[in-house]
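What follows draws every value from the coordinates through simple rules; no lab data is involved. Note that the coordinates shown come from a computational prediction; the quantities given were computed from them, not determined experimentally. Here the Cβ is made from the backbone with ideal geometry for all residues, glycine too, and neighbour counts use every protein chain on show.
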């Protein structure tokens, strides 16, 4: 029997890549979003993932007659933000509902059938910004940190039913939404230079990690977090300096191309 993968945020840059990857892997894919991703092989279900009734209807359509969704991937979310003292209650609630509340609603709906089936995989898309901070995103960071914590908790609570829970935490990924916030190639190059590998992620690379986390090769992986940021979250900013300022700071020289 063909297994079903339910992808939220399927019209976004990462969500589209994840949906396409699961189609390529032979899944029946249901893409949930407020916009049709228009992807071949993806059954589109329009739903607001912050609305409990919409989520319940989407899950029923993805897995009718009590059949289980084999894989749930929660890509839906928003990155809006501003400093905390300028964040209204409504803005805070909107970001928390979109990034955290949607995960709660979606997981709650798929769990009963997964429990009955004795198997399932849930991959939550988090963010490296709950491990390192960026200015002006307090609600987003709080929500993504909570997503990682919730994922760990669910791994403990539902592992006995054969259900795995993993968070994939991207750093900067070159999506249309990301590029719309940047000032052209100069900003892209600055982002590349901010991590040890000098790379920006592609949505397809995140999709590869999601497919791995939900697949048989990750049979022993649950409760963990796959951080995909080219090393940005583990490096001191001083280590990215070239050798001239490193010498001025009393740091040892680095060896490698362009140093």
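Below 8 Å, C-alpha to C-alpha, sequence gap of six or more: please give me the relative contact order for segment 4-248 in percent. Reported as a whole number, the value is 19 percent. Which one, 14, 115, 206, has the greatest fluctuation when you compute a Gaussian network model over the chain with C-alpha springs under 10 angstrom? Maximum among the listed residues: 115.
Taking 7 Å steps out from each Cα toward its Cβ at residue 56 and residue 132 produces label points 4.3 nm apart. Among 107, 18, 78, the largest mean-square fluctuation in a Gaussian network model of the chain (Cα springs under 10 Å) belongs to 78.
Which residues does the label zone of residue 156 cover in segment 213-230, counting backbone N under 19 Å from a point 7 Å along Cα→Cβ? Taking a point 7 Å out along Cα→Cβ of residue 156, the residues of segment 213-230 whose backbone N falls under 19 Å are 221-226. Calculated [222 nm] ellipticity per residue, helices only, for the chain: -12000 deg cm²/dmol; basis is -39500 (n - 2.57) per DSSP H run with n ≥ 4, divided by all residues, nearest 500. With semi-axes defined as the square roots of five times the eigenvalues of the C-alpha gyration tensor, the equivalent ellipsoid of the chain measures 34, 20, 18 Å, largest first.
Multiplying the residue separation of residue 2 and residue 198 by 0.36 nm and subtracting their alpha-carbon distance yields 66.6 nm. Computed extension length for residue 34-residue 219: 63.3 nm, one decimal, from 0.36 nm per residue of separation with the Cα-Cα distance subtracted.
Between helix 13-24 and the chain, what is the angle of the helix's C-alpha long axis to the longest principal axis, kept within 0 to 90° and rounded to the nearest 10? Here the helix axis deviates by roughly 50 degrees.
Angle between the Cα long axis of helix 52-62 and the longest principal axis of the chain, 0 to 90 degrees, nearest 10? That works out to roughly 70 degrees. I need the shape label for segment 22-114. Rule: rounded when a/c is under 1.5, else prolate if a/b > b/c, else oblate, with a, b, c from the alpha carbon gyration tensor. In terms of gyration-tensor shape, prolate.
Coordinate range of the alpha-carbon atoms in segment 78-162 per principal axis, descending: 46, 24, 15 Å. Largest GNM mean-square fluctuation across 129, 182, 150, computed for the chain with C-alpha springs under 10 Å, falls on 182.
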